[in-house]
Amino acid sequence: MVAFDEMRPAESGLRQPYSAYDNWLSEQDPVRLTEKTADAERVFRRTGITFNVYGQAEAAERLIPFDIVPRIISGSEWRRLTQGIEQRVQALNAFLDDIYHRQEILRAGRIPRELIADNEAFLPEMIGVRPPAGVYTHIIGVDIVRTAEDEFFVLEDNARTPSGVSYMLENRETMMQLFPELFQRVKVLPVENYPQLLRQSLSAVKPQSVNGAPTVAVLTPGIYNSAYFEHAFLADQMGVELVEGQDLRVVDGHVAMRTTEGYKQIDVLYRRVDDAFLDPLTFNPDSALGVPGIMDVYRAGNITLANAPGTGIADDKAIYSYMPEIVEFYTGRRAILGNIPTWRCSEPDSLKYVLEHLSELVVKEVHGSGGYGMLVGPAASKKEREAFAAKLKTKPANYIAQPTLSLSTCPILTKKGLAPRHVDLRPFVLVSDRVRIVPGGLTRVALKEGSLVVNSSQGGGTKDTWVLDD
Amino acid sequence: MLLGRTANGLYWMSRYIERAENMARLVDTGQRLALTRGAEAVEEWNSVLSSAGAEQAFAASGAEATQHRVVDFLLRDPANPSSVMSSLDTARNNARMVRTALTRETWESINEAWMSLKGLLARPVDDRDLPRVLDAIKRETALIRGAFYGTMLRNEIFDFAQLGIYVERADNTARIVDVKYYVLLPSVSWVGSSLDNYQWEAILRSVSAHRSYRWEYEAEYVPQNIADFLLLNRRMPRSLCFCYRNLTQHLGYLAENYEESPQCLELAKNTLTGLAESSIRDVFDIGLHEFLADFIRDNNQLGEEIAAHYRFY
């Protein structure tokens, strides 16, 4: 199975979107390019763009490796993608509104009732709650993979608190510092206005009771969180406060932050704290990261939480397999972006098939993320597969399986020159009064030859993603 | 508008950067004194430990106060919260916490100092490398200061960071003088032996003031003058008086900004008046040690009042 290479597919030579870049590349001295890679790493280290890897104390802060070869998407490819993405995020929000209100989709029998009722990601506390402007998931990272010239699939909808947008921005910044002349030759659509768009988008869904410009803040679990850099970065770029749970309390029915001059009201909170830790009075009582009583303020309509609590029910991997039905149910049209065929191991026939074809499939935990607890069949040893099969049999409902896709590749710069590696793409989507998508996203790349796992926690790297102005 | 936690982070970030630098200077002084003291070196290292406020923590480690152990304890030991490396860890964590309040240059200077010193202090420092390492610490902290002064807006963020610097520095200078107060007392000042000269020079060196002393006073070391220089001189950047002039100034800016007149400003003003209106003779009349003990206590209290008034917690 030969993967589709986005720069030079086996059958047709150089693809059009890469032609201007390729011209430039052919004029470059390979030694200088290698030096630029080292320069990039120095920039990242000095800036402190690091992420924390859980369970690796000695390497508490690591860099995500950055590859200097951009991943390039043509303007027309991008337009097609964004249509599919817009349709999808509208369906996700409609689904959330429905699932926490009339549950029409269950009544219509399009999704099994127990999939919702027995799902930990479904928050009963959200039943009957309608967030300001009816938006549930304001910031979405849609993971997209490509397998051929015209074949794009959604791998995952990250509708809770997707991360990685700071890398999209810093990768571009770094590329522009390293290769200013390149950006004069190739017209690339800008991504740098993302923080402004985010602020506009968040402000547009302020609580109804707020007159004038709302006070926006970013809520972080703190400096030990793996994505802390991003939280600080976004707050800084938006020009809003970066707060922790310990800074907040409920004052006169509003959420307020402790300042040097007393408590100040907050209207919109972009929270990067998980649902379970948001409010110790409603959810996990041991949480020190949240704000006691914030859910009462929320239900009273006095604060906007982005994303809303309970959005996890929309990006759950078991729900994922129903996304084509969900899109059709709420938009009345077939999904523009396809899903990857998915076996739900909770169904006996599927489980049987999965166990028999373990060496061909990718098996994922329904509630897992970050590439943890997942089996890549073709890459696993017999022993690993057997151990996994045992886990699968004990708790089948915990897993889904998908075919091992031949993800497209893009070249990366290695010691021996350019070499293809598998990639995926996470564009960032903002939903409020309208849908805003910056032209670009985070391209994750598996740095090991042949590897299909692109997660940064599992040795993946990133690339700058270009959408051409053509 | 500034979060209380951010003000707290800025305050402690600066305190710990200041502390790292002071620690390097104390080690430098200790090493010089030890060179001249031979058999009594252990005693010198003990007094360095008490100047560093680390006597008890060191005793808890059960080690003997040899140069090697004390230097390691003050520069690298993670069990010592005030070691240079611990201080930089804390300073950087605070800087990370208040990242949005800092300019890129300031954050990067702190991050780079941390990275470079983490490398230099990864292993125990060989005696021969000590001067180079101490220079590196002083240089890195100077770079942070440069980035900070050169790029930060003069607003409340700047003020809270300055408060941290001067509360820490005043505490440090007061301790250094207190530990060595007996060599500054008039009763022993007649000696003028070479030993005392070393001691005096060491005190001045520990606050980087052995050259500037001569610009302000006559060339000879006179104990009263040294005490005057470190406590009451208005121009000496590490004197108690200088620290309190700055503390009063920045607390004054904050008060103006917030249109109020807080207790902590009054406290700082009172201390400054005491320092500005006293002569060194008055200080010796009260008793140098008593004077310093009172000062250290008041200085700590000022820190606590600042934290309470500006809602650090």
Quiz item: So residue B:105 fits all but one of (1) surrounded by fewer than 14 Cβ atoms within 10 Å (Cβ to Cβ); (2) closer than 24 Å to residue A:42 by Cβ; (3) among the acidic types (Asp, Glu); what number is the exception?
Solution: (1)
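Condition first: within 14 Å of another protein chain (Cβ to nearest Cβ) and of a type in the set (Gly, Ala, Ser). Now tell me which residues in the range B:274-313 satisfy that.
The answer is B:307, B:308.
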Quiz item: Mind checking which residues of the range A:291-314 are touching a helix residue (DSSP H, G or I) at 6+ places or on another chain (Cβ under 8 Å) and of a type outside the set (Val, Ile, Thr)?
Solution: A:295, A:301, A:305, A:306, A:308, A:309, A:310, A:312, A:314
Quiz item: Out of the residues in the range A:203-216 that are of a type in the set (Ser, Thr, Tyr) and buried (at least 18 other Cβ atoms within 10 Å of the Cβ), which is farthest from the other protein chains (Cβ to nearest Cβ)?
Solution: A:203
Self-check item: Count of residues meeting criterion [at pLDDT below 95, within 21 Å of the chain's Cα centre (by Cα) and basic (Lys, Arg)] in the range B:276-309
Solution: 0
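Pick from B:153, B:121: which is surrounded by fewer than 17 Cβ atoms within 10 Å (Cβ to Cβ) and either away from chain A (no Cβ under 13 Å) or modelled with pLDDT under 95 (or both)?
Criteria check complete, one pass: B:153.
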Exercise. Could you tell me whether residue A:287 is in a loop (DSSP other than H, G, I, E, B), away from chain B (no Cβ under 14 Å) and of a type in the set (Ser, Thr, Tyr)?
Key: yes
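Residue-wise test of (1) among the acidic types (Asp, Glu); (2) away from every other protein chain (no Cβ under 14 Å).
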position	(1), (2)
A:242	no, no
A:263	no, no
A:274	yes, yes
A:293	no, yes
A:304	no, yes
Self-check item: Those helices (runs of 4 or more DSSP H) lying entirely in the range B:204-285 with at least 2 residues in contact (Cβ under 8 Å) with a residue 24 or more places away in the chain
Solution: B:223-231, B:240-258, B:263-277
Quiz item: Picking from A:460, A:440, which residue would you name as being within 17 Å of residue A:379 (Cβ to Cβ), within 16 Å of the chain's Cα centre (by Cα) and not charged (D, E, K, R)?
Solution: A:460
Quiz prompt | Residues satisfying the stated conditions in the range B:150-172, i.e. part of a helix (DSSP H, G or I) and over 19 Å from residue B:12 (Cβ atoms) | solution = B:150, B:151
Quiz item: If you go through the range A:401-415 one residue at a time, how many are modelled with pLDDT under 90 and either β-branched (Val, Ile, Thr) or farther than 23 Å from residue A:465 by Cα (or both)?
Solution: 1
Quiz item: Out of all the residues in the range A:165-177, is one or more under 21 Å from residue A:271 (Cβ atoms), crowded, with 17+ Cβ neighbours inside 10 Å, in contact with an Asp or Glu (Cβ under 6 Å, 6 or more places away or on another chain) and not β-branched (Val, Ile, Thr)?
Solution: yes
Quiz item: Where residues in the range A:328-361 are in a loop (DSSP other than H, G, I, E, B) and of a type in the set (Ser, Thr, Tyr), which of them is modelled with the highest pLDDT?
Solution: A:342
Exercise. Looking only at the range A:415-433, decide whether some residue is touching a residue at least 40 places away in the same chain (Cβ under 8 Å) and either among the hydroxyl-bearing types (Ser, Thr, Tyr) or assigned to a helix (DSSP H, G or I) (or both).
Key: yes
Self-check item: Of the criteria (1) within 14 Å of chain B (Cβ to nearest Cβ); (2) within 24 Å of residue A:94 (Cα to Cα), which one residue A:299 fails
Solution: (1)
Quiz item: List, please: which pairs have Cβ atoms under 8 Å, are six or more places apart or on different chains, and start with a residue in the range B:171-188 that is surrounded by 15 or more Cβ atoms within 10 Å (Cβ to Cβ) and end with one that is modelled with pLDDT under 80 and of a type in the set (D, E, K, R)?
Solution: B:183/B:196
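This table checks each residue for (1) modelled with pLDDT under 95; (2) crowded, with 20+ Cβ neighbours inside 10 Å; (3) of a type in the set (A, V, I, L, M).
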| site | (1), (2), (3) |
| --- | --- |
| A:157 | yes, yes, no |
| A:201 | no, yes, no |
| A:218 | no, yes, yes |
| A:230 | yes, yes, no |
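The values are calculated or read from the model by the stated rules, or taken from the named source; none is laboratory data. Being a predicted model, the structure only gives us computed values, none of them experimental. For neighbour counting, all protein chains shown are included, and Cβ atoms are generated from backbone atoms with ideal geometry for every residue, glycine included.
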